[in-house]
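None of the figures in this text is laboratory data; all of them are computed from the coordinates on show. In this text, all values refer to a predicted model and were calculated from it rather than measured experimentally. Backbone-built Cβ (ideal geometry, glycine too); neighbour counts: all protein chains shown.
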Amino acid sequence: MRYSLIADAYKEIEATARRLEMTELLVKLLKQTPKDLIDKVVYMTQGKLCPDFFGIEIGIAEKLAVRAVAKATGYSEKTIKENVTTIGDLGETTEIFLQKKTQKTFFHEPLTVQMVYSSLDKMARATGPGSIELKTSILAGLLTNASPEEGKYVIRIVTGNLRLGIADMTVLDALAVAFGGGKDARKYLERAYNISSDLGKVAKTVVVQGMEAVGEFQISPGEPIRPMQAERLSSPVEILEKLGGKCIAEFKYDGERVQAHKNGDQITLFSRRLENITDQYPDSCELIENCVRVESAIVEAECVAVDPDTGEMKPFQELMHRRRKHGIAEAMEEIPVSLFMFDALYVDGEDLTLEPYPIRRRNLKKIIEQGCHVKMADYIVTDDPDELEWFFEKAVESGCEGLVCKSMNKDSVYQAGARGWLWIKYKRDYKSEMADTVDLVVVGAFHGRGKRARTYGALLLAAYDAGKDVFQTVTKCGTGFTDEDLKKIPKLMKEHKIPHRHSRVRSNIEADVWFEPKVVIEVIGAEITLSPIHVCAMGVIKRGSGLAIRFPRFTGNYRLDKSAEDATSTNEIAEMYKSRLKKAAG
């Protein structure tokens with residue numbers, strides 16, 4: 001398969017802001033792809049070589065990519081850099097200089113998908129002395145044989161800036177249409193993806209073996225399950241009403257959510273973003289190996305930093321010092337952790353994700369040997385709002401964020417990869433007007449004036465609508481940024497800058513600069529109001545009106561641990577608004 005087919009498809013996809021058209025173009029590309037390459041094409045369309053949990057990244061810095069472009073085109077690195085500064089996209093710069101390259105080759109070998117994938121894989125696996133030169137040489141070789149358009153997308157893939165606007169759900173839609181008989185097949189493909197977290201594997205299965213094989217996907221230790229998410233409400237009465245009058249309420253610990261896989265003596269830990277974080281927590285691995293008393297299991301826990309002197313829990317930001325590649329032993333001593341277990345998804349060959357939560361919790365308790373650093377999450381079973389409020393206060397006093405209240409009904413299955421009302425967060429500051437922070441996605445920016453003339457004056461922020469798989473604007477934020485932030489943010493956002501509004505962003509405001517929805521920041525505001533401008537939860541409260549956060553302020557917290565889809569949802573914003581109105585009326 002010629003790589004030019006992919007490049008042509010990417011060009012058409014990039015040019016449209018309509019999701020339906022994007023899906024149709026992707027269907028066309030997938031149908032043109034040979035069966036033995038379908039997984040590789042899907043991975044590359046995601047901007048990667050394999051699932052994230054494999055831990056294999058191409059890892060090419062822009063500086064190294066510029067060097068390869070210079071080597072392939074015959075122009076100086078300085079000239080290439082100057083053009084990138086002007087245009088803002090190394091991919092487009094590569095396309096321009098390949099069109100007018102001074103180095104002419106006597107033998108031109110057309111790029112194939114296999115050739116590109118193999119070359120990128122070699123680059124990703126190159127380590128040690130001489131690896132930089134090897135990566136540069138491989139990339140330059142690809143660019144030498146690439147057409148200008150092919151070169152544009154090769155460079156974008158290796159630098160992690162594909163910019164197509166294709167979400168995983170769009171790929172699943174395309175697979176359903178192309179090979180599953182229509183969009184109705186999407187739910188079966190999505191289930192397979194949710195329990196394997198491997199979109200390429202799902203694609204290859206449906207293409208080679210058909211939909212019947214997709215339905216036979218099994219949970220397997222070592223392959224992370226996409227985590228279930230919670231909604232939020234602000235009062236015990238509302239929570240109990242939503243959960244059928246009775247619930248299991250658990251402490252919501254201020255730590256890092258961990259999905260632990262045990263397969264014999266092999267322990268693997270995954271973050272909520274499904275990154276393999278095993279190497280950062282060898283002490284947690286030892287705890288899992290010793291305290292999970294079965295041969296194989298997949299359990300979920302909150303990993304919390306504890307004070308080695310007092311045993312008190314430390315805030316999440318302290319735990320983030322454990323996210324490092326070097327000095328792990330020292331970090332373990334300085335910041336020891338405890339694991340608070342809250343779910344069992346798989347035990348000795350049995351898939352528990354389709355079981356109600358009380359059964360999953362019962363299984364978890366059976367297989368855990370509790371000790372000083374491994375415990376079941378503190379919980380109560382209650383149908384009393386006053387008792388729920390009391391337990392909430394107890395959680396806060398213990399250093400937790402609040403509670404997670406969980407359904408006990410027969411349908412309280414583990415909704416892998418979904419956010420729903422089976423789990424509801426109840427956090428401390430939800431009881432006052434916008435006293436709680438929200439995590440919003442940066443989707444645009446506005447040029448600054450005066451002292452901010454050389455940076456952004458404000459950011460356009462959005463909440464995530466999971467039902468529509470889009471990001472809806474909710475506020476413009478220009479306060480709370482330090483001088484250091486004002487320097488950092490343009491650099492942080494540079495790789496996500498795009499020439500037009502992203503296809504998954506909904507906005508009535510025209511920003512000066514647009515970004516793909518990737519970066520999440522924490523914001524706090526004075527209140528949530530009806531808005532004729534912002535489109536967050538449009539029509540949910542009042543016909544023709546959205547919701548907006550007034551007087552927002554950046555807290556200084558970059559939520560790099562969250563993906564855009566993990567940001568505060570439009571439903572959560574709407575529920576916070578409704579809660580405020582009820583309290584005002586009371």
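Check which residues have an amide H placed less than 5 Å from M376's amide H, if you skip close sequence neighbours.
M341
Using Stokes-Einstein with the Kirkwood hydrodynamic radius over Cα pairs, what translational diffusion coefficient do you get for the chain at 10 °C and a viscosity of 1.306 mPa s, in µm²/s rounded to a whole number?
62 µm²/s
If you add up the charges near G417, with Lys and Arg at +1 and Asp and Glu at -1, over every other residue whose beta carbon is less than 10 angstrom from its beta carbon, what do you get?
Charge balance near G417 sits at 0.
I'd like the orientation of helix 570-585 relative to the chain: the angle between its Cα long axis and the longest Cα principal axis, in ° from 0 to 90, rounded to 10.
With rounding to tens, the tilt is 40 degrees.
Want the number for K497 to A466: 0.36 nm per residue separation, take away the alpha-carbon distance, what's left?
Length difference between fully extended and current span is 8.8 nm.
Using the number of other C-beta atoms within 10 angstrom as an exposure proxy, rank H261, H447, H326 with the fewest first.
The order, fewest Cβ neighbours first, is H326, H447, H261.
Roughly speaking, what is the centre-to-centre gap between the stretch 123-172 and the stretch 273-341 when only Cα atoms are used, to the nearest Å?
Comparing the Cα centres of the stretch 123-172 and the stretch 273-341, I get a distance of 34 Å.
Using alpha carbons only, how many degrees (0 to 90, rounded to 10) separate the axis of helix 483-494 from the longest principal axis of the chain?
Between helix and principal axis, roughly 60 degrees.
Between their Cα atoms, which of K63/K122; K31/K135; K135/K497; K78/K122; K246/K542; K48/K78 are more than 22 Å away from each other?
Long pairs (Cα-Cα over 22 Å): K31/K135; K135/K497; K78/K122; K246/K542; K48/K78.
Normalised by the number of residues in the chain, what is the relative contact order in percent for Cα pairs under 8 Å and 6+ residues apart?
In percent, rounded to a whole number, it is 12.
Along the Cα-to-Cβ line of T16, 7 Å from the Cα, sits a label point; which residues in the stretch 153-173 have backbone N less than 20 Å from it?
Taking a point 7 Å out along Cα→Cβ of T16, the residues of the stretch 153-173 whose backbone N falls under 20 Å are 153, 162-173.
May I ask you to list the aspartates and glutamates whose Cα is less than 15 Å away from that of K451, ignoring any residue fewer than eight positions away on the same chain?
In chain and number order, the partners are D483, E484, D485.
Quick one: Cα convex hull volume of the stretch 123-179, Å³ per residue?
119 Å³
Figure the gain on full extension for D512 and T479 (residue separation times 0.36 nm, minus the Cα-Cα span) and round it to one decimal in nm.
Result: 10.1 nm gained on full extension.
Kindly write out, for the stretch 210-222 in residue order, the coupling ³J(HN,Hα) from the Karplus curve 6.51 cos²θ - 1.76 cosθ + 1.60 (θ = phi - 60°), rounded to whole Hz, with x marking Gly and Pro.
With the stated coefficients, the stretch 210-222 comes to x, 5, 4, 5, 4, x, 9, 4, 10, 5, 9, x, x Hz.
For the stretch 42-50, take each phi angle, set θ = phi - 60°, evaluate the Karplus expression 6.51 cos²θ - 1.76 cosθ + 1.60, and give the result in whole Hz per residue in order, putting x for glycine and proline.
In residue order, the calculated couplings are 5, 4, 5, 5, 7, x, 9, 9, 6 Hz.
Which aspartates and glutamates, on any chain, are close to K71 with Cα under 15 Å apart, when same-chain ones fewer than 8 places away are left out?
Correct list for K71: E62, E95, E133.
Which lysines have a Cα lying under 20 Å from the Cα of K375, excluding residues fewer than 8 positions away in the same chain?
K252, K262, K314, K365, K366, K394, K406
Using a basic spin-label model with each label point 7 Å from the Cα along Cα→Cβ, how many nm lie between T85 and K487?
Taking the simple label geometry, T85 and K487 are separated by 1.7 nm.
Which value results when the Cα radius of gyration for the stretch 280-371 is divided by 2.2 N^0.38 Å?
That ratio works out to 1.20.
Below 8 Å, C-alpha to C-alpha, sequence gap of six or more: please give me the relative contact order for the stretch 238-429 in percent.
Relative contact order, the stretch 238-429: 30 percent.
In nm, to one decimal, how far is the modelled label at K31 from the one at K325, with both set 7 Å along Cα→Cβ?
Label at K31, label at K325, 4.4 nm between them.
Cα axis of helix 131-145 to longest principal axis of the chain: angle in degrees, 0 to 90, nearest 10?
60 degrees
Length gain on complete extension for the stretch R125 to A61, per 0.36 nm per residue less the alpha carbon to alpha carbon distance?
Full extension of this stretch gives 21.5 nm more.
Would you please report the Å³ per residue occupied by the convex hull of the alpha carbon atoms in the stretch 202-249?
150 Å³
Longest exposed-loop-site-free stretch of the chain, with chymotrypsin sites (Phe, Trp or Tyr not before Pro), DSSP loop and at most 10 other Cβ within 10 Å?
Longest stretch, sites excluded: 108-586.
Could you give me the percent of Cα pairs per 10 Å distance bin for the stretch 438-585, shortest bin first, beginning at zero and ending with the bin that holds the maximum distance?
Percent of pairs per bin, in order: 12, 45, 33, 9, 1.
What percentages, rounded to whole numbers, describe P(r) for the stretch 275-430 computed over all alpha carbon pairs with 10 Å bin width beginning at zero?
Cα pair-distance distribution for the stretch 275-430, in percent: 9, 34, 38, 17, 1.
If r is the Cβ-Cβ distance from I132 to K542 and R0 is 60 Å, what FRET efficiency results, to the nearest 0.05?
So the FRET efficiency works out to roughly 0.55.
Between D265 and L354, what is the label-to-label distance in nm when each label sits 7 Å out along the Cα-to-Cβ direction?
Once both label points are built, they end up 3.5 nm from each other.
Fewest first, what order do V443, V540 take by the number of other Cβ atoms within 10 Å?
Ranked by crowding around the Cβ, least crowded first: V540, V443.
Any idea how far the Cα center of the stretch 447-497 sits from the one of the stretch 1-18, in Å?
29 Å
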